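Have a look at the structure below, then the notes.
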Amino acid sequence: MRTFWTLVLVIGGFALQAVSYFLLAAPLGTPGSPAFSDPRVPFAAALFVLGVMAVFSAAVVYELLPSRRG
C-alpha cells in the first residue's frame, strides 16, 4: 500500500510541476516585449512548488506507512 501512495505522490507531483511550468507559466514563442516574461497564470509558481512538495512528501509517506511484511 505504501508503494502505491508513494507512486501516486511522485507521479502526481511531477505532473503538477510539468503542467504548471509548461502550460501555465512559460509563454511559448519569441519574446516581443518585457511583458512576455510574465507567467500566464499568476499562481503558477505556487503550483510548481506544491508539486515539488508532493514529490518530497512521497519519501515521508514511504517511511511512515507500515509495510505488508510487518
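Throughout, read-outs are computed from the coordinates displayed, never taken from laboratory work. Note that the structure is predicted; figures quoted are calculated from it, not measured. Neighbour counts are summed over all protein chains in view; Cβ atoms, including those assigned to glycine, are modelled from backbone coordinates with ideal geometry.
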Query raised in the report: Which order, highest average first, do 2-9, 14-21 follow once you tally other Cβ atoms within 10 Å for each residue and take the mean per peptide?
Result: 14-21, 2-9
Report summary line: Placing each pseudo-label 7 Å from Cα in the direction of the beta carbon, Phe4 and Val61 end up separated by a distance in nanometres of 1.2
Report task. In whole Hz, with x marking every Gly and Pro, tabulate ³J(HN,Hα) for the stretch 39-52 from phi via Karplus 6.51 cos²θ - 1.76 cosθ + 1.60, θ = phi - 60°. Result -> x, 5, 10, x, 9, 5, 5, 5, 5, 5, 5, 4, x, 5
Report task. Specify the angular offset, from 0 to 90 degrees and rounded to the nearest 10, of the alpha carbon long axis of helix 2-18 from the longest principal axis of the alpha carbons in the chain. Result -> 0
Requested in this report: Express the relative contact order of the stretch 1-52 as a whole percentage, based on alpha carbon pairs under 8 Å and six or more residues apart in sequence.
Outcome: 47
Report task. Set the Förster radius R0 to 35 Å, insert the Cβ-Cβ distance between Val52 and Thr30 as r into 1/(1 + (r/R0)^6), and round the FRET efficiency to 0.05. Result -> 0.75
Report summary line: HN-Hα couplings for the stretch 54-66 via Karplus (6.51, -1.76, 1.60; θ = phi - 60°), in whole Hz with x for Gly/Pro, come out as 5, 5, 6, 6, 4, 5, 5, 4, 5, 7, 8, 6, x
Report summary line: Semi-axes of the chain from the Cα gyration tensor (sqrt of 5 times each eigenvalue, largest first, whole Å) come to 36, 9, 6
